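Encoded as structure tokens, the structure appears first; notes follow it.
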Amino acid sequence: MAGMLGRHFALFGFGVTAFAVMASATSMTGCAGDPEPFVPPKATTVGSGGGGGTGVNAGKLLFDDLFEDLEQSCGGCHKQGGSSNTPFLGPEASTLDEVYESITSWPDVVVRNPDTKSVLITWPGSGAHTAGPTSKPLETRILAWLNEEAKSVAETPNDVPTIEPFKPIVPGFNAVYLGELGPEFAGMAVTFQATALTDNSLSLDNIEVHTTATKGISFEHPLFTVYPAASVDGIPDPVDSFSNVSQEVEPGTAEPLGPGSVILTNWETGGKLSIAFESVSVIDPLGGTGGAGGGNAGGPCSAVTSFENNAAPALQQSCANCHGGNNGTATNAVDMSDLNNDPSAACGQILNRVNLNNPNQSQIFLNTDPSGNAGHPFDFGGNQGAFDNFRQAVTTWINAESNN
């Protein structure tokens, strides 16, 4: 274990004063002594801005230069309140810095190999983009900017499972999918609320691990690392808050990660986060791999009739187009393909994405609320009334579940 701690770990921190909570977390074990200090190697990232710790954010400079043309081409649809469900340019009255934060924290914008993976490049040319392809001169400038940004998510020199650095939505709800760890983790996610307490401290709260209906996850020692803008170095959580965490989350369930929160005192505004695990594996009751059997596929719904009468019609209308099988990534995350044929199975799929104690904090609402900034590709077209009706119908079922 000590050898593993000398390697680069990371993701999005979570919070509370890590010193006091760790001993009392019910799902933690191990390591009686203090962990060996973690000194990460220099990452292969050069940071958006050419590395060397100069503090010059070259990616931001390129974005500032192209913004006026990007806004003219995309702003009518991709600002909040626009005709698209992907408002990556943020609210209408945003400053240039706020737009930069919005677009760089939008899922699948800043990625490795942007020419083949960034949605800003791939989607306009897919044939499905309503406005058609981006003009070649603008696409060239966008790609030059994205290539500069991609330097900050270049592959890190880990031999442990790692989620590549990403920019969290601050403040806001974040859902980080674990498919990067391998295809067997498709659909699993870690979610959290991120709030900047100061320029140098980031609070991550309500941190939860979500499994799929058929597979769970087992992991040890998540380590969260901050990547400052324009830096070649990842800076790990100074107190290694989750060094004692050893946890199993069964199929069809969601649980807090360790104590469920952390405060990262090494945060830098505009930075990125990453997470790695000392070890991580899938719990597959049917396949017999990954240990820890059992688990209810889909989770135990106790108010299936209410689900069928209230939630299912709303989910079918608003969510099933992607989550009903047409979009593999969405269906892996939350499978709604049985909404009509097997309401009990569908109910179990949705159950581990809701908060029975506080329905408004359910992932299915935080992700799709037009007044939020979760970065989900569907937000009711910005129609708050339509979202409110959806939330009311689904909440009727959630309340029935919590009362049974």
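Residue-wise HN-Hα couplings along the stretch 103-108, as the Karplus relation 6.51 cos²θ - 1.76 cosθ + 1.60 with θ = phi - 60° gives them from phi, are 6, 7, 9, 6, x, 6 Hz; Gly and Pro carry x. When the Cα atoms of the stretch 304-403 are aligned to their principal axes, the ranges along those axes come out at 31, 31, 19 Å in descending order. Of all the C-alpha pairs in the stretch 58-152, what % are more than 23 Å from each other? So the pairs more than 23 Å apart make up 14 percent of the total in the stretch 58-152. What does the C-alpha gyration tensor say about the overall shape of the stretch 109-151? Classify as rounded when a/c is under 1.5, otherwise prolate if a/b is larger than b/c, or oblate. Verdict is oblate for the stretch 109-151. Measuring r between the beta carbons of Glu180 and Gln72 and using R0 = 45 Å, the FRET efficiency lands at 0.85.
Of all lysines in the structure, the ones whose alpha carbon falls short of 22 Å from that of Lys272, not counting any fewer than 8 places away in one chain, are Lys42, Lys60, Lys117, Lys151, Lys167.
The phi torsions of the stretch 174-190, fed into the Karplus equation with coefficients 6.51, -1.76 and 1.60 and a -60° offset, translate into couplings of 10, 10, 10, 8, 9, x, 4, 6, x, x, 5, 9, 4, x, 7, 8, 10 Hz, rounded to whole numbers, with Gly and Pro shown as x.
Computed from the coordinates by the stated procedures, all read-outs in this text should not be read as laboratory data. Source: prediction; values computed, not measured. Virtual Cβ from ideal backbone geometry, glycine too; neighbours counted across all protein chains shown.
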